[in-house]
Amino acid sequence: QVQLVESGGGVVQPGGSLRLSCAASGSIFNFYAMGWYRQAPGEQRELVAIITSNDNTNIGDSVKGRFTISRDNVKTTVYLQMNSLKPEDTAVYYCNLQAGELSKWGQGTQVTVSS
């Protein structure tokens, strides 16, 4: 069974940085993409960034130029480097893995940007 373990969330001041990690384990077949979505209170879940098996990336408009996504192929781990954080980046960040017909979500990690 595929599992996702997220880490790296926390509280940071505006302008600061955080790095999120998501490690996948288990039997993963036909890996397609892995990435991050976020959901703020009262809002819909939105794309932050994803990276595909051939290393193409899709970055959400609201974070372009500030966030970058990368992955470690050997460990099936993805990293989200978040710089120049703003209060509006505050949300629960969810890792997602797409492989074949599987779409697996992590449990979420809270990111709070506040002075």
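The values are calculated or read from the model by the stated rules, or taken from the named source; none is laboratory data. These numbers were taken from a predicted model, which means no experiment stands behind them. Here Cβ is always computed from backbone atoms with ideal geometry, including for glycine, and neighbour counts include all displayed protein chains. Side chains are part of the model used for accessible areas, which takes the heavy atoms of the whole protein and leaves out ligands, DNA and RNA. Shrake-Rupley method; radii C 1.70, N 1.55, O 1.52, S 1.80 Å.
In the range 72-100, the residue that is farthest from Pro14 (Cα to Cα) out of those that are open to solvent by less than 40 Å² (accessible area, probe 1.4 Å) and aliphatic (A, V, I, L, M) is Ala99.
With respect to Glu6, determine if the residue is open to solvent by 30 Å² or more (accessible area, probe 1.4 Å) and either within 15 Å of the chain's Cα centre (by Cα) or in contact (Cβ under 8 Å) with a residue 40 or more places away in the chain (or both).
On the way: open to solvent by 30 Å² or more (accessible area, probe 1.4 Å): no; either within 15 Å of the chain's Cα centre (by Cα) or in contact (Cβ under 8 Å) with a residue 40 or more places away in the chain (or both): yes.
No; evaluated as a whole, the condition is false for this residue.
Listed conditions (1) of a type outside the set (S, T, N, Q); (2) in contact (Cβ under 8 Å) with a residue 12 or more places away in the chain; (3) over 15 Å from Ile28 (Cα atoms) are all met by Val78, apart from (3). Asn54 satisfies every condition listed in (1) modelled with pLDDT of 95 or more; (2) open to solvent by 60 Å² or more (accessible area, probe 1.4 Å) except (1).
Restricting Ser103, Ser17, Ser62 to those that are over 13 Å from the mean Cα position of the chain (by Cα), open to solvent by 50 Å² or more (accessible area, probe 1.4 Å) and in contact (Cβ under 8 Å) with a residue 60 or more places away in the chain reduces the list to Ser17.
Only strands (runs of 3 or more DSSP E) wholly contained in the range 1-92 count here; list those with 2 or more residues that are among the aliphatic types (A, V, I, L, M).
Working: elements: 3-7, 10-12, 18-25, 31-39, 46-52, 57-59, 67-72, 77-82.
Qualifying strands (runs of 3 or more DSSP E): 3-7, 10-12, 18-25, 31-39, 46-52, 77-82.
Here are some residues: Thr109, Thr68. Which one is within 22 Å of Ala23 (Cβ to Cβ), open to solvent by 60 Å² or more (accessible area, probe 1.4 Å) and among the hydroxyl-bearing types (Ser, Thr, Tyr)? From the options Thr109, Thr68, the qualifying one is Thr68. The set of residues in the range 92-106 that are of a type in the set (A, V, I, L, M, F, W, C) and under 17 Å from Met82 (Cα atoms) comprises Val92, Cys95.
Once the range 27-51 is narrowed to residues that are more than 13 Å from the chain's Cα centre (by Cα) and either modelled with pLDDT of 95 or more or surrounded by fewer than 14 Cβ atoms within 10 Å (Cβ to Cβ) (or both), the residue that is nearest to Thr109 (Cα to Cα) is Ala40.
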